[in-house]
Amino acid sequence: MRVGMLTSGGDCQSLNATMRGVAKALYENVEDITIYGFLEGYKGMIYGEYRKMASSDFSGILTEGGTILGSSRQPFKQMRDPDENGLDKVAAMKHTYYQLRLDCLVVLGGNGSQKTANLLREEGLNVIALPKTIDNDLWGTDMTFGFQSAVNIATNAIDCIHTTAASHGRVFIVEVMGHKVGWLTLHAGIAGGADIILIPEIPYNIDYVIDAINKRKKAGKRFTILAVAEGAISEEDAKLSKKAFKEKRKDWQYPSVSYEIAHRIQEQTGDEIRITVPGHMQRGGEPCPYDRVLSTRLGAEAAMMIIDGDFGNMACVKNNEIVRVPLKDVAGKLKMIQPDSSIVKEAKLIGICFGDAPMK
């Protein structure tokens, strides 16, 4: 049996642990197995850059962050476009697959990577997918590996801000990763005791944000902490078309949305605002124990799918059980936070402001 494996898109803490789970299950249950690792994601498949893996390559990587194969972003929208030398990227990937006589390709990636995996499935390749992203935004799975490790780091950033915020009596903004969805900000915000949480799914009204800050002041609170997703959006901007929004951002004077929010708060309240951006720290470091367990389980299930010849699926988590979901049903779909979901309601019940109208 000959299996290819690649890690695509942004890295996260548990990619190595997941590859290890796939490999160990294959080595344990298949007599003759060869694994090829493609370097830098789909780029390695396009340009035939790979290496034949040994079982020793998968030892000692359970706790290692990043990816031993390297990764790169190959936008799905450009997959059908020839490269700068006129190379047909899809045809090149198929050529590499057949040249190596692969029985299956295992793709570890997020939303864009899964769309390309599904494209290759439609082109006739045997593909198994695994749900990687710190954003936890893949449709069909309750949890993605990498998410909980990133939550831990973002929560720690908020925890650290608490002491200095309390000491100086300031308003602090912690900007958390998440352009389109707010799962990471929501979980880290609740876990870190943020007073205000702003996420892309709930457009904020700056007046409600300021009301929440003033309410804390009147209650004798010396500081306020905001957990803000990098994709947080105001009610005004949310009403714009994509084209109009892009045009507006051309003249944008702020490094990120947190700086715009800070400016508007300071302008209306006179408060001193401080901004902290953990950035790619949230992707780094070793995977937490939860992710190590999840990755091992997902990897083992991927190996069983290969052994069963049950291709075209993504291994997912449903009610704490690992299940198989057709890749065509999940690729390209984002799992968004519903504004009326129970977790949002529960957060509001303890007084967290989401920048929208308060609960009655």
Q: Hey, can you find the accessible area per residue of the range 194-251 for me, probe 1.4 Å, expressed in square angstrom?
A: 54 Å²
Q) For the chain, what is the calculated [θ] at 222 nm in deg cm²/dmol (nearest 500), taking -39500 (n - 2.57) for each run of four or more DSSP H residues and dividing by its residue count? A) -12000 deg cm²/dmol
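Leaving out ligands, DNA and RNA, what percent of the accessible area of the chain is carbon and sulfur, probe 1.4 Å?
Details: 7820 of 16100 Å².
Carbon with sulfur: 49 percent of the solvent-accessible area.
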Q.
Among I265, Q253, G285, whose Cα projects farthest towards the positive end of the dipole of the range 235-285, with charges put on the beta-carbon of Lys, Arg (+1) and Asp, Glu (-1)?
A. G285
Q | Rounded accessible area of S167 (nearest 10 Å², 1.4 Å probe) | A | 80 Å²
**Q.** Pair D142, A191: separation of 7 Å Cα→Cβ label points (nm)
**A.** 1.7 nm
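Which shape class, rounded, prolate or oblate, goes with the range 187-252 when its Cα gyration tensor gives a ≥ b ≥ c as root eigenvalues, a/c under 1.5 marks rounded, and past that a/b bigger than b/c marks prolate?
prolate
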Q.
Need the C-alpha centroid separation for the range 32-78 versus the range 132-185, integer Å.
A. 28 Å
Q: For the chain, evaluate the Debye formula with one uniform point scatterer on each Cα (no solvent term) and list log10 I(q)/I(0) at q = 0.09, 0.12, 0.15 Å⁻¹, rounded to two decimals.
A: -0.55, -0.88, -1.19
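With charges set only on the Cβ (+1 for Lys and Arg, -1 for Asp and Glu), what does the dipole of the range 44-115 come to about its Cα centre, in debye to the nearest 20?
Details: 9 positive and 8 negative charges, 40 e Å.
Dipole about the Cα centre, nearest 20: 200 debye.
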Q. Taking the simple approach of a point 7 Å from Cα along Cα-to-Cβ for both Q253 and N319, what is their distance in nm?
A. 5.5 nm
Q) What angle, in degrees between 0 and 90 and rounded to the nearest 10, separates the Cα long axis of helix 257-269 from the longest principal axis of the Cα atoms of the chain? A) 10 degrees
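Quick check for you: with a 1.4 Å probe and neighbouring chains kept, what is the accessible area per residue of the range 259-360, in Å²?
On the way: 5300 Å² over 102 residues.
It amounts to 52 Å² per residue over the range 259-360.
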Q.
Whole percent per 5 Å bin, from 0 to the bin with the longest distance: what is P(r) over all C-alpha pairs of the range 5-134?
A. 2, 11, 22, 25, 20, 12, 5, 2, 0
Q.
Per residue, how much accessible surface does the range 1-86 expose to a 1.4 Å probe? Answer in Å², no decimals.
A. 46 Å²
Q) Rounded to the nearest 10 Å², what accessible area does H162 show when all protein chains are kept and the probe is 1.4 Å? A) 50 Å²
**Q.** Cα gyration tensor, the range 30-104 - rounded (a/c under 1.5), prolate or oblate
**A.** oblate
Q | Relative contact order %, the range 177-232, counting alpha carbon pairs below 8 Å whose residues are six or more apart | A | 51 percent
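The values are calculated or read from the model by the stated rules, or taken from the named source; none is laboratory data. Please read these numbers as outputs of a predicted model, since none were measured by experiment. A quick note on method: Cβ atoms are made from the backbone with ideal geometry, for glycine too, and the neighbour counts reach across all protein chains shown. Accessible surface is based on the protein model in full, side chains and every heavy atom, while ligands, DNA and RNA are left aside. Shrake-Rupley method; radii C 1.70, N 1.55, O 1.52, S 1.80 Å.
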